[in-house]
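For reference, the structure is listed below as structure tokens.
What follows is calculated from the coordinates using simple rules that are stated; it is not laboratory data. Computed from a predicted model, the values in this text were never measured in an experiment. So basically every Cβ, Gly included, is an ideal-geometry build from the backbone, and we count neighbours across all protein chains shown.
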Amino acid sequence: MFFEIFNIVVPVFVLVIIGYCFVKSRLVTDSVIDGLMRFGILIAIPCLLFRAAASLDLNTAFEWRPLVAYYAGAVSCFIIAILIFQFGFKKRPGESVGIAFAALFSNLVMLGVPISERAWGLEFMNPNYALIAVNAPICYLIGITVMEFTRADGRNGRDTAIVVARTMFKNSFMIGIGLGLLVNISGLQVTKPVDASIELLARSAIPVALFGLGGILTRYSAKKASREASIISVLALIIHPLIALLACWWFELSEDLIRSIVLMAAMAPGLNAYLFANMYKRGEAIAASTVIMSTTLSILTLSLWLIFLR
């Protein structure tokens, strides 16, 4: 069992480590990593999400109970983190939200997809892709709204709604998902040459993203805010999947759905946690430290969750 779990988790993180080592040793420059990440975020990953959304079984994918189970954990951890940093660490309200966003936004694309696919198989990925399709809109809607209403220089309700809408429409992931759902709902047929090109780009998405993630992690240090980062890591890697598991049991979901939802909930915070903090210039150092620490710790915690779920 241990070696089977090991073979599922480690190959994903090997690509992250390779990217980290290549940049640290200066065999690959930061500009190359920036270019790779732009390719992945703007082209390859949207193609992956487009193909997933276009082929989703919409009648079964967007069942409300699994989504509620997942976000019961995510939102609970977000609220807990805000309270801890605002009242425990005496952070400013906006800074607390910037840090706490890492407890809300898990790395479902770069880590969730490859690990879940290797663990459960491609035929069981519908709930995962349905979750990815709504994750960015829900998390950004919650994060931006709370940030705008809590920071001292926040906007009014109308301006906040405009900011949220602009963020959604500019997000390349959302564009890929939206176009895929449009094809799915309308019944339009993508021509074979176009579909083959999209498939080639989609295949490159995960390895490029994982390698690039490793390269980007070289830019930050987990030591600068280890206490704060460790708190978010515990919330993201343990408390979130635990609450999701309890909610799944409450809703009496099938074993396949429980496995998909809980494993996705156990993923480390993604780069969006840092990007959100950086967008508002609130808690960037802690967010970056959290991404590094939680990604490293998730090698162990994901292995334990996989053993439990199996």
Gyration tensor verdict on region 1-146 (Cα atoms; rounded if a/c is under 1.5, prolate if a/b is larger than b/c, oblate otherwise): oblate
Highest-first arrangement of 43-54, 126-137, 95-106, 23-34, where packing means the average Cβ count within 10 Å: 95-106, 43-54, 126-137, 23-34
Extended-chain gain in nm, criterion 0.36 nm per residue less alpha-carbon gap, Leu27 and Arg65: 9.0 nm
For the chain, with +1 on Lys and Arg beta carbons and -1 on Asp and Glu, the positive-most of Ser233, Leu111, Ile185 along the dipole: Ser233
Aspartates and glutamates with Cα under 20 Å of Lys90, excluding same-chain neighbours fewer than 8 positions away: Glu148, Asp153, Glu228, Glu284
The chain - mean residue ellipticity at 222 nm from DSSP helices (-39,500 (n - 2.57) per run, n ≥ 4, rounded to 500): -24500 deg cm²/dmol
Residue-by-residue Karplus 3J(HN,Hα) for region 194-204, coefficients 6.51, -1.76, 1.60, Hz, glycine and proline x: 5, 4, 5, 5, 5, 5, 4, 5, 5, 5, 7
Sequence-distant residues sharing a close amide H with Asn107 (under 5 Å, placed H): Ala268, Gly270
Among Ile99, Ser55, Gly121 the positive-end extreme of the charge dipole of region 42-122 (Cβ point charges): Ile99
Förster radius 30 Å - calculated FRET efficiency between Arg219 and Ile299, Cβ distance, rounded to 0.05: 0.90
For peptides 195-205, 235-245, sequence by mean Cβ density within 10 Å, most packed first: 235-245, 195-205
Relative contact order of the chain, defined on C-alpha pairs under 8 angstrom at six or more residues apart (%): 36 percent
Eligible aspartates and glutamates near Lys281 by straight Cα distance, threshold 12 Å, same-chain separation 8 or greater: Glu95
Shape of region 198-293, Cα gyration tensor, a/c cut at 1.5: oblate
Ranked packing of 292-298, 304-310, most packed first, by mean Cβ within 10 Å: 292-298, 304-310
Listed residues Val109, Val208, Val190, most fluctuating in the chain (Gaussian network, C-alpha, under 10 Å): Val190
³J(HN,Hα) computed for each position of region 206-217 - Karplus, 6.51 cos²θ - 1.76 cosθ + 1.60, integer Hz, glycine/proline x: 5, x, 5, 5, 5, 4, x, 4, x, x, 5, 5
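Cα-based Rg of region 2-309 per 2.2 N^0.38 Å, rounded to two decimals?
0.96
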